[in-house]
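The values are calculated or read from the model by the stated rules, or taken from the named source; none is laboratory data. These figures come from a predicted structure and were not determined experimentally. Cβ atoms come from the backbone with ideal geometry, glycine included; neighbour counts cover every protein chain shown. Just so you know, the surface numbers come from the protein's heavy atoms only, side chains and all, with ligands and any DNA or RNA stripped out. Shrake-Rupley method; radii C 1.70, N 1.55, O 1.52, S 1.80 Å.
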Amino acid sequence: MKTNNHQLIDYDVVLDAKFGKEGTPERMEAEEKAVAFYTGKIIEGCRKQARISQSELAKRIGADKSYISRIETGKIEPKVSTFYRIVHAIGMKIDLSFSI
């Protein structure tokens, strides 16, 4: 197993090397993919916690099971309206608040 000998790593440097500097099209694309993946994992975890299958969730929001699968794997990111329908179908709520 490789280790880094407990050295601190500047992950901005790692991301710059792998995806380009912040603000470049390549970096923005990588960040969008990361957000889609993370969003999908949140939805998947909540759906499983609610003990609802992908098929049942798809039925509740009027979509195909494959659509839910693509969301959960981060291949696509749902529109905001679809995200709200999914949250409601799972039996959850979203609380928006201002931070000071």
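Between 87, 35, 13, which gets the highest mean-square fluctuation from a Gaussian network model of the chain, Cα cutoff 10 Å? Looking only at 87, 35, 13, the biggest GNM fluctuation is shown by 13.
Using Cβ point charges alone (K and R +1, D and E -1), the dipole size of the chain about the Cα centre works out to roughly 660 debye.
For the options 81, 69, 55, a Gaussian network treatment of the chain with springs between C-alpha atoms closer than 10 Å singles out 81 as fluctuating the most.
The stretch between residue 80 and residue 31 holds 15.8 nm of extra length on full extension. This uses 0.36 nm per residue minus the Cα-Cα distance. 3J(HN,Hα) along the stretch 34-41, derived from phi through the Karplus expression 6.51 cos²θ - 1.76 cosθ + 1.60 where θ = phi - 60°, amounts to 5, 5, 4, 5, 4, 4, x, 5 Hz, with x in place of Gly and Pro. For the stretch 1-94, the list of GluC sites (Glu not before Pro) that fall in a loop by DSSP and count at most 15 other C-beta atoms within 10 angstrom reads 22. Close amide H pairs (under 5 Å, H built 1.01 Å from N) link residue 75 with no residue at least 5 positions away or on another chain. Give me the log10 of I(q) over I(0) for the chain at q = 0.11, 0.12, 0.15, 0.24 Å⁻¹, as the Debye formula computes it from C-alpha points; what are the numbers? The Cα Debye sum returns log10 ratios of -0.49, -0.56, -0.75, -1.16. With all protein chains in place and ligands, DNA and RNA left out, the 1.4 Å accessible area ranks 15, 96 as 96, 15, largest first.
How do 99, 53 stack up against each other in accessible area, from largest to smallest, with a 1.4 angstrom probe? Numbers along the way, then the final one.
Working: 99 115, 53 60 Å².
Descending order: 99, 53.
Beyond a 25 Å Cα-Cα separation, which of these cross-linked pairs lie in this structure: 21/79; 33/79; 18/93?
Working: 21/79 27 Å; 33/79 14 Å; 18/93 37 Å.
Among 21/79; 33/79; 18/93, the Cα-Cα distance tops 25 Å for 21/79; 18/93.
For the residues 51, 85, 70, a GNM of the chain with alpha-carbon springs under 10 Å puts the largest fluctuation on 51.
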